[in-house]
Structure formats: structure tokens, C-alpha cells
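Worksheet for the structure shown next.
The values are calculated or read from the model by the stated rules, or taken from the named source; none is laboratory data. Predicted model only: the values in this text are computed from it and were never measured. All Cβ positions, even for glycine, are placed from backbone atoms using ideal geometry, and neighbour counts span all protein chains on display.
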Amino acid sequence: MRDPARFAHHRPDLESSLLAGEDKLQQLMRDAGSRMDLPAGRVLIRAGTDHEFVYRLISGWACRTRSLSDGRDQLILVFLPGELFAVKSMFTSCHFDEVRTLSDAVLQRIHYKELHRAFTTDVDLTNRCIWQVVEEERRLHSWVFGLGQGSAEERLALLVIDFRGRLALSGVIERNALTYRMPLTQAQLADHIGITAVHVNRILKTFRESGIFSIREGEVVITNLEELTRRAYPLLDAYERRTPEYVGMQGQRSE
């Protein structure tokens, strides 16, 4: 996708380079010819190991997660179609978290040495890769803030809006779409937003009965985007508050 809107709050003078970098990155990964079709639950990167590849999701969902010996699991980031991840393979000899698929997925991968050669010789690819790290940082900052200061209801509303916005910006769904497929189970939602599965079930019931949104058989149906935005608004960052793919035209507010 070449829409500059996907590059959150990029500097205008970098726009042409980011778009060119996106095109070059897609071509580079196609030339690498390393397409992978994987089932849900497949581990791509094992925690605490060296890993030599960088990935792009063509379809399906994946996540970065960290687990404890007693079975507790935290979903740290969720990756959606079109997104680049594991860029850190170019720079670090150890991934501290596990990366696995959340659904059946199609991916492309490229060896870190091949990408790094392009990274060091082509400023457009350099800017595109660095932007990906900046974008993950933006999302992580928002999520840490939400975990620390948001209510469980606000966190779940934020998550539903976040997925909608990113899927719309990547072209997976229409920009005004109010439904999308989501493969996370209630247990995985609980692992992501930091509450129990029982609590997730209770909040989902409240949202459904209030006519705001529902999740049924892996499909999210938003029935009142304006109210959903109001619930999530304290945790949305400035980019999300101003971008209709996240909050709709009615949800945008001036700061």
C-alpha cells in the first residue's frame, strides 16, 4: 500500500522517500522469493535466540509475545497484513520475545544481511525501515499508557479501534468498514489487555448489550463507532484521534 496516511505523523519532506522505500522494499522481498504459508500457532522466532530474517505479512495475523514458566502469557504487539516486523534482526543477535502466527498466514521473509546491504546503500529503504521501528514505538507507547492508566473497558475499545484503523490504512478493509475478521480468542484478548478471560467476556457482553460492538465467530461488528470512539478516546494518541480510518468522520476532534 502506497498511501502516505499509513506513515503516522511523518515529516512531509520524507513522504516521497517513504513511498519510494515502500516500493523498493516490496520488490526486494519479492526478489528474495521466500514466501511462506504457515498455519495458526506456528512459532516464527523463539525467545532468547538469534534469528536471521525480517518478515512481511501478506495475509493473516501474527504477534510478539512473552511467556512465564507458570503459563502466564503477554501479547506485546499484534502484526496485521501488510506490516513489516522483526526489523531488529538486522541489529541484534537475540530476540527476547517469541513471534508466532495467530491465524493461518502468508508471509515473505528476507535474510537480514541482504536487507542490511540495501539499508546501508539506499536512503529510501533506510527511511522505510527506520519508520517501521518508529511506528512500533508509537503503538507500544500507547499500549503501555493504556495498560497503566486505562480501564479494562477503555483498553478493549482502544484495541478494536486500533485494529480497524490499521486494517483500513493497509487496504485490507474499506476505509468506512464497520466489520472485520479478527482471529484472537477471548483468552488471547485477555493476554493482550492484561485482564482475565472471564473479565473479557463480561466486558464484551456489556459492549454488545449497549449496542456498541460485538465479536462473534471471529468477526468484529461495530454498531456505534461514535460511542466506541468516546470510550477509547482517553487512550487514543493524537494521530488516531485525527485519522478517520480509526475513529470515523464523526469521531475526529480538534485538540
Q. Of the numbered conditions (1) within 22 Å of Ala62 (Cα to Cα); (2) at pLDDT 95 or above, Glu209 satisfies every one except a single condition; which is it?
A. (1)
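Table: residues versus (1) at pLDDT 95 or above; (2) in contact with a Lys or Arg (Cβ under 9 Å, 6 or more places away or on another chain); (3) small (Gly, Ala, Ser); (4) under 27 Å from Thr196 (Cβ atoms).
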position: Leu14; (1), (2), (3), (4): no, no, no, no
position: Cys63; (1), (2), (3), (4): yes, yes, no, yes
position: Leu102; (1), (2), (3), (4): yes, no, no, yes
position: Val106; (1), (2), (3), (4): yes, yes, no, no
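Conditions (1) modelled with pLDDT of 95 or more; (2) assigned to a helix (DSSP H, G or I), marked per residue:
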site: Arg155; (1), (2): yes, yes
site: Gly171; (1), (2): no, no
site: Tyr180; (1), (2): yes, no
site: Ile195; (1), (2): no, no
site: Arg202; (1), (2): yes, yes
site: Ser214; (1), (2): yes, no
site: Pro234; (1), (2): yes, yes
site: Tyr239; (1), (2): no, yes
Q | Candidates Glu114, Glu174, Glu137, filtered to the one that is touching a helix residue (DSSP H, G or I) at 6+ places or on another chain (Cβ under 8 Å), surrounded by fewer than 20 Cβ atoms within 10 Å (Cβ to Cβ), within 28 Å of Glu52 (Cβ to Cβ) and among the acidic types (Asp, Glu) | A | Glu114
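From the list Thr65, Thr126, Thr92, exactly one residue is of a type in the set (Ser, Thr, Tyr) and either in the same structural domain as Ala238 (by TED's automatic domain parsing) or part of a loop (DSSP other than H, G, I, E, B) (or both). Which is it?
Thr92
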Q. Could you list, in sequence order, the residues of region 179-211 that are of a type outside the set (D, E, K, R), closer than 16 Å to Ile161 by Cα and free of Cβ contacts under 8 Å to residues at least 24 places away in the same chain?
A. Gly211
Q. In region 95-108, what count of residues is obtained for those that are in contact with a helix residue (DSSP H, G or I) (Cβ under 9 Å, 6 or more places away or on another chain) and either buried (at least 20 other Cβ atoms within 10 Å of the Cβ) or in a loop (DSSP other than H, G, I, E, B) (or both)?
A. 2
Q: Would you tally the residues in region 11-23 being loosely packed, with under 15 Cβ neighbours inside 10 Å and within 22 Å of the chain's Cα centre (by Cα)?
A: 3
